[in-house]
Amino acid sequence: MQRKLLLGAITLSLTIGLGAFSAASTLGGSASHLPRPDHIVIVIEENHSYSQIIDSPDAPYINSLAAQGAVFTQSFGVTYPSKPNYLALFSGSTQGITDNSCPHTMATPNLGHALLQAGLTFAGYSEDLPSVGSLICIAGDYARKHNPWVNWQDSQAQGLPATANQPMTAFPTDFSRLPTVSMIVPNQVNDMHHGKDPETIQRGDQWLKDHLEAYVQWAQQHNSLLIVTWDEDNKKEHNRIATLFIGPMVQAGHYDQRINHYNVLRTIEDLYGLPHSGASAEAAPITTIWKTPLHP
């Protein structure tokens with residue numbers, strides 16, 4: 001009798017243990033059920049609210065992207081003004097910056113360094129950057145406040161090489177040569193920052209079509225992803241911005257998960273199994289937009 005009781009207890013214990021393991025795998029595994037794009041291109045636009053972009057007749061190309069991708073209806077900038085939002089997206093922290101001051105040198109974890117440490121590649125492409133690795137704060141319509149990766153260039157810790165800081169003219173036309181992750185910042189005329197609406201929206205929309213449509217078409221056949229987001233709104237919708245994910249692994253639709261730049265960063269990190277930078281460690285990854293959980 002005692003032997004039967006003992007065997008029953010062992011069986012029950014194993015059943016409970018296996019059930020707990022299964023539940024833990026289900027709950028903790030959601031972030032691992034993600035695709036692994038061959039390339040990600042991220043474009044950062046400027047200073048417009050969600051409702052100024054989504055369903056706007058002034059942004060026909062962006063809305064054509066929205067129709068074929070995931071649109072986040074509850075996406076928000078982290079703060080104001082521009083620079084700390086770019087830093088948040090790249091490093092999971094505003095780095096204590098509360099303005100657009102320049103220059104700064106930083107030595108904290110960041111997406112670019114994490115990619116390089118993992119044997120992957122990163123480059124940022126800034127329109128009108130005067131030369132590869134330029135540290136200048138302002139050059140025509142280029143502004144370093146919109147270029148977060150330059151702040152880690154040649155840093156003693158978590159640093160990036162000067163070759164990661166590229167002008168937009170270096171963006172490959174042979175997309176198979178793209179880095180694993182690219183970040184693109186148009187100049188202040190083409191990113192919707194300068195000018196009056198609706199012209200500034202129309203100009204930014206056309207620039208995006210001219211420079212990214214070929215990549216969008218290529219990406220559909222080459223397991224690659226485009227992310228388009230804004231740094232912040234123009235204080236019209238409590239910092240609610242448009243964020244879009246477009247690619248063959250994305251299930252098109254509107255999603256109401258509340259996200260900000262930290263969630264986007266966390267998702268990119270999880271796609272490649274990277275360590276988490278700053279506040280991205282506490283941010284929920286985006287897991288509901290993918291067509292197939294490819295990596296259980």
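The values are calculated or read from the model by the stated rules, or taken from the named source; none is laboratory data. What you see is a predicted model; the values in this text were computed from it and never measured. Glycine also receives a Cβ, built like all others from the backbone with ideal geometry; neighbour counts cover every protein chain displayed.
Assorted remarks:
- Cβ separations smaller than 9 Å between residues 6+ apart or across chains give the following pairs from the range 117-144 residues that are touching a residue at least 24 places away in the same chain (Cβ under 8 Å) to residues that are loosely packed, with under 15 Cβ neighbours inside 10 Å and assigned to a strand (DSSP E or B): 144/138.
- Residues considered: 260, 187. Of these, the only one that is over 25 Å from residue 118 (Cβ atoms) and buried (at least 20 other Cβ atoms within 10 Å of the Cβ) is 187.
- Filter result for residue 163 (within 22 Å of the chain's Cα centre (by Cα), polar (S, T, N, Q), assigned to a helix (DSSP H, G or I) and at pLDDT 95 or above): yes
- Counting residues in the range 207-214 that are buried (at least 22 other Cβ atoms within 10 Å of the Cβ) and assigned to a loop (DSSP other than H, G, I, E, B) gives zero.
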